[in-house]
1. Expressed as a rounded percentage, what relative contact order does segment 1-85 have, with Cα pairs under 8 Å and six or more residues apart?
2. GNM, the chain, Cα, under 10 Å: largest mean-square fluctuation among Val62, Val77, Val48?
3. Per residue of the chain, what 222 nm ellipticity follows from adding -39500 (n - 2.57) for every DSSP H run with n ≥ 4, rounded to the nearest 500?
4. Looking at segment 44-102, which chymotrypsin sites (Phe, Trp or Tyr not before Pro) are in a loop (DSSP not H, G, I, E or B) and have at most 15 other Cβ atoms within 10 Å?
5. Out of segment 6-112, which trypsin sites (Lys or Arg not before Pro) are coil in DSSP terms and have no more than 16 other C-beta atoms within 10 Å?
6. By how many degrees, 0 to 90 and rounded to 10, does the Cα axis of helix 8-33 deviate from the longest principal axis of the chain?
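Where a number appears in this text, it was derived from the coordinates with a stated rule and is not lab data. Remember, it's a predicted structure, so these values are computed and weren't measured experimentally. Positions of Cβ are backbone-derived with ideal geometry, glycine not excepted, and every protein chain shown enters the neighbour counts.
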Amino acid sequence: MILVHLGLDRAHPILLAEADRLEHLARDLRAIAGGIGPTPEDLDVAPVVDYWQWSARSMKTVIGILQGHPRLADGPVHTTEVWAVDLERRWARTLSRFYVLGDQHREDNHAD
């Protein structure tokens, strides 16, 4: 997750590098969907992973109460992965879309 609110001068090169990486992924996925990839040349230069197995890594997501999503009903939500966030301007960019960050959950919000 890229913390934009820490300063665009610090976030700028990271944002551009991540955008390039995602554009390459999108290009490859379109090629695979079209039956074009990966090419023998792609695989010739690809690193090899021996003794591999599946694993899972976690990324930050947002959970909360959703309002105004174009396809989902208002109510509890667990977003896709957060790629960039600005806590000062109160937004998050997930894999799928921007979200406005409303009131933050606090453990001390309940009455004693």
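1. 34
2. The residue with the greatest mean-square fluctuation here is Val48.
3. Computed ellipticity for the chain at 222 nm equals -9000 deg cm²/dmol.
4. Tyr51, Trp52, Trp54
5. Answer by residue number: Arg57, Lys60, Arg71, Arg89, Arg90, Arg97, Arg106.
6. With rounding to tens, the tilt is 50 degrees.
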